[in-house]
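Everything below concerns the one structure shown next.
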Amino acid sequence: MAYYNFFLSFCIIFFIFNFNTIITEGIGHVPAVIVFGDSLVDVGNNNHLELSILKSNFPHNGVDYPNRKATGRYSNGKNAADFLSENLGLPSSLPYLSIKSASNKVKVLLDQGGINFASGGAGIFNETTKLFKQSISLNEQIAYFKTVHGELMQQLGTVEGQTYLAKSVFLIAIGSNDILGKVQAVGNEPAGDQFINSLIVILKSKLKTIYNLGARKFAVVGLGLIGCCPKLRSDNPKGECNEQANHWSVEYNKAVKSLLQELKEELTDIHYSLINTHDIMADFLHQPALYGFTEIKSACCGAGNFRAKVPCLPVAVYCKNRRDHIFWDLYHPTEAAAKIIMNEFFMGSEKYVYPANLKQLLEV
């Protein structure tokens with residue numbers, strides 16, 4: 001009987017091990033998540049920018065992060081980049097500027113399963129970055145990646161290095177600040193169509209540069225309902241959404257979808273997944289109870305109308321139940337909202353992701 005029990009236990013353990021192996025191999029092994037973007041996915045790069053006023057490494061940010069630590073994430077807890085890595089079974093990618101030397105940056109990339117170049121205030125236009133004072137422009141983020149790429153090729157060799165990058169997921173979350181900058185701008189700005197077209201031309205060039213550096217799998221985050229963030233509501237005398245900002249968000253998302261289709265035709269070995277954040281957030285607003293939300297307009301942390309006249313500073317107040325709020329501060333989602341969005345990105349249907357979710361992307 002003892003032998004039988006041992007044999008049965010061995011078989012169960014063997015089956016579980018191999019079942020998990022089959023699942024892992026079935027979705028493909030992802031060695032790393034490499035992140036480009038703005039404050040929606042910044043995990044602390046702006047902490048290291050001496051002149052930047054766009055920082056969040058102080059309370060009440062991080063109130064729900066492990067050890068209640070304000071890490072530089074614009075959130076009460078984890079953000080979209082964290083949840084993407086988590087869904088892939090990887091630790092969160094570390095901020096590039098927190099790593100001292102080039103060789104150490106590659107070691108972190110290999111050991112930790114990723115690296116994050118994102119910066120609060122970054123945009124597709126270089127001018128957008130200047131609007132929001134000191135941050136790391138998309139151009140600079142890619143330049144940093146070129147440095148890491150060169151060191152990676154030296155350490156692994158060209159073939160192994162390219163294979164590593166081809167299996168990695170490149171998360172791109174950019175464009176929100178360009179829309180916000182446009183809304184705030186005055187004077188002789190270009191017409192709406194020209195504005196979106198200019199963004200797309202530059203974005204296409206940047207994505208092709210990242211592709212030429214070895215990226216093959218892109219996870220692209222579409223823009224949400226920017227006009228419904230607490231800050232823009234607070235600027236409206238009636239507290240309504242800024243429809244112009246929402247219009248540009250929709251047009252941008254349409255253009256990005258077309259851009260990715262074009263890239264796929266030009267570069268047949270590229271694969272991508274695009275998350276329709278706009279429609280998910282629209283569902284948050286129209287059916288909040290379905291997602292566990294009760295507050296859809298006001299920020300959790302701040303002060304004034306919609307808690308958006310004063311940012312989430314240590315002197316501000318914050319809500320007791322962060323789970324029932326869509327927005328954490330003036331612009332950013334709560335940890336709860338970010339988690340729902342990224343779970344849809346990973347396992348969702350064609351209602352929200354195109355042409356496939358991330359899990360399906362990894363099976364390619």
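Using only alpha carbon pairs under 8 Å that are at least six residues apart, calculate the relative contact order of segment 120-187 and give it in whole percent. Kindly include the intermediate steps, with their values, before the conclusion.
Details: 47 pairs, mean separation 25.1, N = 68.
In percent, rounded to a whole number, it is 37.
Here segment 67-208 is described by how far its Cα atoms reach on the three principal axes: 50, 40, 27 Å, from widest to narrowest.
Determine, from the Cβ-Cβ distance of M347 and E50 and an R0 of 45 Å, the FRET efficiency 1/(1 + (r/R0)^6), rounded to the nearest 0.05. In this case the efficiency is close to 0.65. Remark on segment 230-364: Rg and Dmax equal 17.2, 52 Å (Cα only).
Largest first, the extents of the alpha carbon coordinates of segment 257-312 on the three principal axes equal 50, 28, 14 Å. Hey, what D do you get for segment 297-364 in µm²/s if you plug the Kirkwood alpha-carbon radius into Stokes-Einstein at 20 °C and 1.002 mPa s? Diffusion coefficient, whole number: 160 µm²/s.
Could I get the Rg over Rh figure for segment 146-241? Both from C-alpha atoms, Rh via Kirkwood, rounded to two places. Write down the numbers at each step before the final one.
Numbers: Rg = 18.8 Å, Rh = 16.3 Å.
So for segment 146-241, dividing Rg by the Kirkwood Rh gives 1.15.
Taking every C-alpha pair closer than 8 Å and separated by at least 6 residues, the mean separation divided by the residue count of the chain gives a relative contact order of 17 percent. Gain on full extension, evaluated as 0.36 nm per residue between N236 and L313 minus their Cα-Cα distance, stands at 25.5 nm.
Pairs from the table (K100/K231; K254/K339; K55/K182; K254/K320) lying more than 26 angstrom apart at Cα are K100/K231; K254/K320.
Test of understanding: what is the full-extension gain from E160 to S205, defined as 0.36 nm times their sequence separation minus their Cα-Cα distance? Don't skip to the end; give the middle numbers.
On the way: separation 45, 0.36 × 45 = 16.20 nm, distance 2.57 nm.
Additional length available on full extension: 13.6 nm.
Note on the chain: helix-only mean residue ellipticity at 222 nm, from DSSP H runs of 4+ residues weighted -39500 (n - 2.57) and normalised by residue number, equals -14500 deg cm²/dmol.
H29 to Q244: extension gain in nm, 0.36 nm per residue of separation minus the Cα-Cα distance? Could the numbers behind the result be given before it?
Working: separation 215, 0.36 × 215 = 77.40 nm, distance 4.19 nm.
The H29-Q244 span can extend by a further 73.2 nm.
Take K133, project a point 7 Å from its Cα along the Cβ direction, then tell me which residues of segment 303-318 have their backbone nitrogen under 15 Å from it. So the set is 311-314.
Cross-link partners of K107 among lysines, defined as those whose alpha carbon lies under 26 angstrom from its own and excluding same-chain residues fewer than eight positions apart: K69, K78, K146, K167, K206, K208, K217.
Across all Cα atoms of segment 43-91, the radius of gyration (one decimal) and Dmax (whole number) stand at 11.4, 35 Å. log10 I(q)/I(0), Debye, Cα-only the chain, no solvent, q = 0.13 Å⁻¹? Taking Cα atoms of the chain as identical point scatterers yields -1.02.
Dipole orientation for the chain: of the candidates I280, I202, L40, L40 has the Cα lying most toward the positive pole (charges on Cβ; Lys, Arg +1; Asp, Glu -1).
Over segment 172-272, Cα pairs under 8 Å with separation of 6+ residues give a relative contact order of 37 percent.
The label-point distance for E363 and L290, in a model that sets each label 7 Å from Cα toward Cβ, rounds to 2.5 nm.
Bear in mind that the values in this text are calculations on the coordinates, not laboratory data. What you see is a predicted model, and the numbers here were worked out from it, not measured in a lab. With ideal geometry, Cβ positions are generated from the backbone for all residues, glycine too; neighbour counts draw on all protein chains shown.
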